[in-house]
Structure formats: C-alpha cells, structure tokens
Amino acid sequence: MQWIKEDVKQYIQAKEYVDTVIVPLIPYHLSKDSELEKNAFQSEVLSIFAKEIEKELSGRVMLSPNYYYLKSGSKEEELNRINSWSGDARTQPFNNIFFVTFDSAWKKDEQALDGTLIWLPGIQSGDLKSNELHSFIHDQVEQIGEYIKSYW
Amino acid sequence: MSEKKQQVSRRQFLNYTLTGVGGFMAAGMLVPMLRMAVDPVLQESAAGDLVNVGLAVEDITNEPQRVDWKIDQVDAWYESKVGKSAWVYKNDNDEIVALSPICKHLGCVVSWEGSEQFPDQFYCPCHGGRYHKDGQNIPGTPPTAPLDVYESKVENGMLYLGMAHPRGEA
C-alpha cells in the first residue's frame, strides 16, 4: 500500500493485516556538482525500487513517502526525525519498520535507528530504461522481499 | 445537330468543374476535422488489446510458470509502462490457463508452490492465503475469491493476454 487515498482507504479496513512500513531514505543537496548526477540517479532508482517491493508485498506493507534529507546536514537531527516517523508508525501498531537506502552513511548509525536498515550498495549510474537495470532491480527486489518475509 | 452537341455549355462546364473542385477541396478540409471530432470513438482501447507476452505455446507445460510483460497505460496524468504478470499453464484438458498473481485478499503477489508446506498450490506470502491450481481459493485462508483469469488467445504459436477478470465474469 502506498500513501495515496485508494490504498489508505483499504488500509483502514484491513489494519490488522498490515504490519510493515518501508521508508526510503534519500539524500538531497544542490551544493556539490560532482555528486549531483549520481545522487539524483540513485534517488530515482530507489523510488522505483521501493515501489516494486511494495507491489510484490502490497497487502502487508505500507510504503511511506520518501524521506529526504540534506546530505551535509547533521545526522543526529535526522535520526531524531526519522525515529519520530517510526514512533508514529509503531503506535498503529506497525511492528516491522524497514529503511531502504543507497547512502552508506546510515550504516554507521544503524543502531540508533528505530527499525531495520537495508543498505543497498551498488548502482551509481546507468540507464533507467535499460533491460539490465530492470532485471537487476527485479532480482534485488526478489531478495529483499525474501528478507522482509523472514521477519514475518 | 450542333444544338445537341452543345448540351453542356461552356458556362455549365465551368460550373460543374468549379463545384467539383470546390467540393473536393471542402471535403479534403472537412474529413480530417470530422475524423478528429470522432477520434476517441475510433481509437481502440489499449487496455482491451491482447498483448503478445513473449511466451511460445509449446513452452507452456502443466507446471504453472510466471510470465512478465509490460503494457502502456494512460491515466489522467501519466502515460507509463506498467508491468503485468501471470501464472500460465495447461490444464488437464490441454487448455491454456493464465491466472492473475494478485491475491484477492489484499493484493500481494502469489507464487506457485511458494511454500514448501503446500505443494501444488498458489501461496501468498503476506498472510498465508492459498489457492488450488485452478485458482480456486482454499477455504480457511484469508482470500474470499478465486484468482482472476486473463483473457487469452493463441496466434502464430505465441500466447496473447488481455485483461484479467474475476472468475465467472470472464
């Protein structure tokens, strides 16, 4: 399920079946020209990625809106904010909270996150329309799906 | 004699020609406009078309296999490629069956023999919904309806699939 009216309507009726939130963590900045392309591309890929996972497991998963943060910003502040997202979800109760990201910076702070971090190394550049990328995403989605299922 | 020969006078001839040419030009202008006006009617709905899913009929076995394909979908804001998938197999009467993998409970994607405990069944990983091979839901599991069935046809040895319909409606 996604953060759209149709899905949310369904969610309210089937609350007891939905216990997992996925939050994509996506860095954003405009200050470093050399990294812009890479970060924008990763942001696109991660959004697609998150949607694909949601599609496979839509009946039990709520895909939250993307969480954007300033790459150069204070990690501590962001951690607080992210954890307040988790806190809000946990009251529902959503028992499983997953963060997906391409940003390795979160790996260091994994312990402080209220939820499970799924850090995906890899994709720096490529063509979103290419078949290789499609099958790459497809395979990754399958594996991450397996991983998420193991928590159920 | 000469009277009879001149049944078409010069004036008449010019009239006819001008009317003819004028009419032709008018039609040339009007027809595209008319076509534009009724265009939505003429356009075949993309959704209703059956699409070649890239699976040869001889490759279809009694064992359900997953096929994925893409269709163009236009909604109010976007035109996009939408991924579709189906579980395809031949039943005992040698008929091709294409089932939608979307669980009728809350819309997860089911897989054939997705759980080792339940061979020969479709299994939904989200809440343990199960279906028989023919798509019939198994009572006692969350789904309350059988899996949707795709419209299908075979052309030149390839499988074409269209829309998925709830069973009974198709």
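The values are calculated or read from the model by the stated rules, or taken from the named source; none is laboratory data. Given the structure is predicted, the values throughout are model-derived calculations rather than measurements. A quick note on method: Cβ atoms are made from the backbone with ideal geometry, for glycine too, and the neighbour counts reach across all protein chains shown. Heavy atoms of the whole protein, side chains included, go into the accessibility calculation; ligands, DNA and RNA do not. Shrake-Rupley method; radii C 1.70, N 1.55, O 1.52, S 1.80 Å.
Give me the distance between the Cα centres of region B:85-151 and region A:25-103, rounded to whole Å.
32 Å
Between chains A and B, what is the buried accessible area in Å², counting both sides, with a 1.4 Å probe and ligands, DNA and RNA left out, to the nearest 100?
Rounded to the nearest hundred, the buried surface is 1000 Å².
With a 1.4 Å probe and all protein chains left in place, how much of the accessible area of the protein assembly as shown comes from carbon and sulfur atoms, in whole percent? Don't skip to the end; give the middle numbers.
Numbers: 10520 of 19820 Å².
C and S atoms contribute 53 percent here.
Pick from B:Leu106, B:Leu18, B:Leu34: which residue has the top mean-square fluctuation in a GNM of chain B where Cα pairs under 10 Å get a spring?
Ranking B:Leu106, B:Leu18, B:Leu34 by mean-square fluctuation puts B:Leu18 first.
When you look at the Cβ of every residue in B:105-111, what mean number of other chain Cβ atoms sits within 10 Å?
Taking all residues of B:105-111 together, the mean is 6.
For the residue pair B:Val74 and B:Ser111, what label-to-label distance in nm results when each label sits 7 Å from Cα along the Cα-to-beta-carbon direction?
In this crude label model, B:Val74 to B:Ser111 measures out at 3.6 nm.
Using amide H atoms built 1.01 Å from N in the peptide plane, name the residues 5+ places from B:Gly114, or on other chains, whose amide H lies under 5 Å from its own.
B:Tyr123
Determine the shielding of peptide A:54-64 by partner chains: average, over its residues, the number of Cβ atoms on other chains within 10 angstrom of each Cβ.
For peptide A:54-64, the averaged partner shielding equals 5.
HN-Hα J couplings of region A:76-86 from phi, Karplus 6.51/-1.76/1.60, θ = phi - 60°, integer Hz, Gly and Pro as x?
5, 4, 5, 4, 4, 5, 4, 5, 6, 5, 4
Rounded, prolate or oblate, given the Cα gyration tensor of region B:46-165, with a/c below 1.5 counting as rounded?
Working: a/c = 2.18, a/b = 1.24, b/c = 1.76.
Oblate is the answer for region B:46-165, as a/c is 1.5 or above yet b/c matches or exceeds a/b.
Based on the mean of other beta carbon atoms within 10 Å per residue, what is the order of B:137-148, A:50-61, most packed first?
The most tightly packed comes first, giving A:50-61, B:137-148.
Are there residues in region B:116-130 whose accessible area shrinks by at least 20 Å² when all protein chains are included rather than the chain by itself, and which are they (probe 1.4 Å, ligands and nucleic acids not counted)?
B:Pro125, B:Cys126, B:His127
Run the dipole for chain A about the Cα centre, Lys and Arg Cβ at +1, Asp and Glu Cβ at -1, nothing else charged, and hand back the magnitude in debye, nearest 20. Don't skip to the end; give the middle numbers.
Values: 16 positive and 24 negative charges, 60 e Å.
Value, rounded to 20: 280 debye.
With θ taken as phi - 60° and the coefficients 6.51, -1.76 and 1.60, list the Karplus ³J(HN,Hα) couplings across region B:15-21 in order, rounded to whole Hz; mark glycine and proline as x.
Taking θ as phi minus 60°, the curve returns 4, 4, 4, 5, 4, x, 5 Hz for region B:15-21.
For B:Val154 paired with B:Glu95, estimate the spin-label separation in nm (one decimal), with each label point 7 Å from Cα along the Cα-to-Cβ line.
According to this spin-label approximation, the distance is 1.4 nm.
How high is the relative contact order of region A:5-149? Use alpha-carbon pairs under 8 Å, at least six apart in sequence, and give a whole percent.
On the way: 173 pairs, mean separation 43.7, N = 145.
Relative contact order for region A:5-149 comes out at 30 percent.
May I ask you to evaluate 6.51 cos²θ - 1.76 cosθ + 1.60, the Karplus curve with θ = phi - 60°, for each residue of region B:138-154 and list the ³J(HN,Hα) values in order in whole Hz, giving x for glycine and proline?
8, x, x, 9, x, x, 10, 9, x, 4, 5, 10, 7, 5, 9, 8, 10
What is the average number of partner chain Cβ atoms found within 10 Å of a Cβ in A:142-149?
The shielding value for this peptide is 1.
Would you mind checking the pairs A:Lys5/A:Lys32; A:Lys108/B:Lys70; B:Lys70/B:Lys104; A:Lys129/B:Lys133; A:Lys5/A:Lys51 and listing those with alpha carbons more than 28 angstrom apart?
On the way: A:Lys5/A:Lys32 37 Å; A:Lys108/B:Lys70 39 Å; B:Lys70/B:Lys104 22 Å; A:Lys129/B:Lys133 35 Å; A:Lys5/A:Lys51 16 Å.
Result: A:Lys5/A:Lys32; A:Lys108/B:Lys70; A:Lys129/B:Lys133 exceed 28 Å.
For the protein assembly as shown, report the % of Cα-Cα distances exceeding 34 Å.
In whole percent, the long-distance tail amounts to 42.
Using a ≥ b ≥ c from the Cα gyration tensor of chain A (square roots of the eigenvalues), is it rounded, prolate or oblate, where a/c under 1.5 gives rounded and otherwise the larger of a/b and b/c decides, a/b for prolate?
oblate
Add +1 for every Lys or Arg and -1 for every Asp or Glu among the other residues with Cβ under 12 Å from the Cβ of A:Asp19, and state the total.
Taking every other residue near A:Asp19 into account, the sum is +2.
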